[in-house]
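Enquirer: First the structure, then my questions, so here it is.
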Amino acid sequence: MNYWLLKTEPDTFSLADLAQRPNQMEPWNGVRNYQARNFLRAMQVGDQVLIYHSSCEVPGVAGVAAVVGAARADETQFDPKSEFYDAGAKREDPRWSLVDVRFVATFPQFVSLTGMRAQPALKKMRLLSPGNRLSVMPVTLAEFQKICGLGGRK
């Protein structure tokens, strides 16, 4: 099993929104960065995911989801009406991918970015590196467990 962090803007789509979807599941679409896309393609069913709320008053990790559908073509790349449309994408060689994620839990305590920065055990976490703007990134088991502990989920 691998561990990941997915960023989302809660005004657009939050962990609470995921929890309210049918079967508490949603395709994680709209990723338009090649490195982030490659991380999506590396995800496997059963991998655990930290859901990080970004571009909001208090950014941080709200809870956990799980990968329940392997990487496949993100259909929004082919839809001219979609904000994620990519005129250069070809059906025979899709440029962009998505995975299906399912809600697992909301943390009893939201884990703020400031709170994570204060943790020596997280000092090497990719999220906390200067200039890191990726919306999809791997986390180590130790980082995953530490953040779950900070959130009140053992």
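Enquirer: Going by the conditions given, is GLN44 touching a helix residue (DSSP H, G or I) at 6+ places or on another chain (Cβ under 9 Å) and either at pLDDT below 95 or surrounded by fewer than 16 Cβ atoms within 10 Å (Cβ to Cβ) (or both)? Spell out the reasoning first.
Expert: Working: touching a helix residue (DSSP H, G or I) at 6+ places or on another chain (Cβ under 9 Å): no; either at pLDDT below 95 or surrounded by fewer than 16 Cβ atoms within 10 Å (Cβ to Cβ) (or both): yes.
Considered against the rule, which asks whether it is touching a helix residue (DSSP H, G or I) at 6+ places or on another chain (Cβ under 9 Å) and either at pLDDT below 95 or surrounded by fewer than 16 Cβ atoms within 10 Å (Cβ to Cβ) (or both), GLN44 comes out as no.
Enquirer: Only one of GLU143, GLU83, GLU75 is of a type in the set (D, E, K, R) and farther than 21 Å from GLU26 by Cβ. Can you tell me which? Write out each step before concluding.
Expert: Values: GLU83 fails: farther than 21 Å from GLU26 by Cβ; GLU75 fails: farther than 21 Å from GLU26 by Cβ.
Within the list GLU143, GLU83, GLU75, the selection yields GLU143.
Enquirer: Can you tell me how many residues within segment 104-125 are touching a residue at least 24 places away in the same chain (Cβ under 8 Å) and under 24 Å from GLN35 (Cα atoms)?
Expert: Matching residues across segment 104-125 total 3.
Residue-by-condition table, conditions (1) small (Gly, Ala, Ser); (2) open to solvent by 30 Å² or more (accessible area, probe 1.4 Å); (3) at negative phi; (4) within 15 Å of the chain's Cα centre (by Cα):
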{"site": "GLY69", "(1), (2), (3), (4)": "yes, no, yes, yes"}
{"site": "GLU92", "(1), (2), (3), (4)": "no, yes, yes, no"}
{"site": "ASP100", "(1), (2), (3), (4)": "no, no, yes, yes"}
{"site": "PHE103", "(1), (2), (3), (4)": "no, yes, yes, yes"}
{"site": "ASN132", "(1), (2), (3), (4)": "no, yes, yes, yes"}
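Enquirer: Before we move on, is LEU18 in contact with a Ser or Thr (Cβ under 6 Å, 6 or more places away or on another chain), in contact (Cβ under 8 Å) with a residue 12 or more places away in the chain, part of a helix (DSSP H, G or I) and crowded, with 20+ Cβ neighbours inside 10 Å? Before the answer, list the steps.
Expert: Values: in contact with a Ser or Thr (Cβ under 6 Å, 6 or more places away or on another chain): no; in contact (Cβ under 8 Å) with a residue 12 or more places away in the chain: yes; part of a helix (DSSP H, G or I): yes; crowded, with 20+ Cβ neighbours inside 10 Å: yes.
Spelling it out, it is not the case that LEU18 is in contact with a Ser or Thr (Cβ under 6 Å, 6 or more places away or on another chain), in contact (Cβ under 8 Å) with a residue 12 or more places away in the chain, part of a helix (DSSP H, G or I) and crowded, with 20+ Cβ neighbours inside 10 Å.
Residue-by-condition table, conditions (1) in a strand (DSSP E or B); (2) without any contact (Cβ under 8 Å) to a residue 24 or more places away in the chain; (3) closer than 23 Å to ALA105 by Cβ; (4) touching a Pro at 6+ places or on another chain (Cβ under 6 Å):
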position	(1), (2), (3), (4)
ARG37	no, no, no, no
VAL45	no, no, yes, no
VAL58	no, no, yes, no
ALA62	yes, no, yes, no
VAL67	yes, no, yes, no
THR76	no, no, no, no
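Enquirer: In addition: Do we have any residue at all in segment 4-14 that's of a type in the set (Ser, Thr, Tyr), open to solvent by less than 20 Å² (accessible area, probe 1.4 Å), in a loop (DSSP other than H, G, I, E, B) and free of Cβ contacts under 8 Å to residues at least 60 places away in the same chain?
Expert: Step one: list which residues in segment 4-14 are of a type in the set (Ser, Thr, Tyr), which gives 8, 12, 14.
Within this subset, residues satisfying the condition of being open to solvent by less than 20 Å² (accessible area, probe 1.4 Å) are 8, 14.
Okay, now just the ones that are also in a loop (DSSP other than H, G, I, E, B), so 14.
With the extra rule that they be free of Cβ contacts under 8 Å to residues at least 60 places away in the same chain, the set shrinks to 14.
The answer is yes, given that some residue of segment 4-14 is of a type in the set (Ser, Thr, Tyr), open to solvent by less than 20 Å² (accessible area, probe 1.4 Å), in a loop (DSSP other than H, G, I, E, B) and free of Cβ contacts under 8 Å to residues at least 60 places away in the same chain.
Enquirer: Further, regarding this structure: Do you know which residues across segment 48-67 are closer than 13 Å to VAL136 by Cα, surrounded by fewer than 22 Cβ atoms within 10 Å (Cβ to Cβ) and out of contact with any helix residue (DSSP H, G or I) (no Cβ under 8 Å at 6 or more places or on another chain)?
Expert: Result: SER54, single match.
Enquirer: While we're here: Of these, ARG95, ARG72, which one is over 14 Å from LEU5 (Cβ atoms), of a type in the set (Lys, Arg) and in a strand (DSSP E or B)? Before you say what the answer is, go through the steps one by one.
Expert: Details: ARG95 fails: in a strand (DSSP E or B).
Matching residue, one of ARG95, ARG72: ARG72.
Enquirer: Kindly establish whether ASP79 is more than 16 Å from LEU134 (Cα to Cα), of a type outside the set (A, V, I, L, M, F, W, C) and in contact with a strand residue (DSSP E or B) (Cβ under 9 Å, 6 or more places away or on another chain).
Expert: On the way: more than 16 Å from LEU134 (Cα to Cα): yes; of a type outside the set (A, V, I, L, M, F, W, C): yes; in contact with a strand residue (DSSP E or B) (Cβ under 9 Å, 6 or more places away or on another chain): no.
So ASP79 fails the test.
The values are calculated or read from the model by the stated rules, or taken from the named source; none is laboratory data. This structure is a prediction, so every number in the text was calculated from the model and none was measured. Every residue, glycine among them, receives a Cβ derived from its backbone with ideal geometry; neighbour counts consider all protein chains shown. Accessible surface areas use protein heavy atoms only, side chains included; no ligands, DNA or RNA. Shrake-Rupley method; radii C 1.70, N 1.55, O 1.52, S 1.80 Å.
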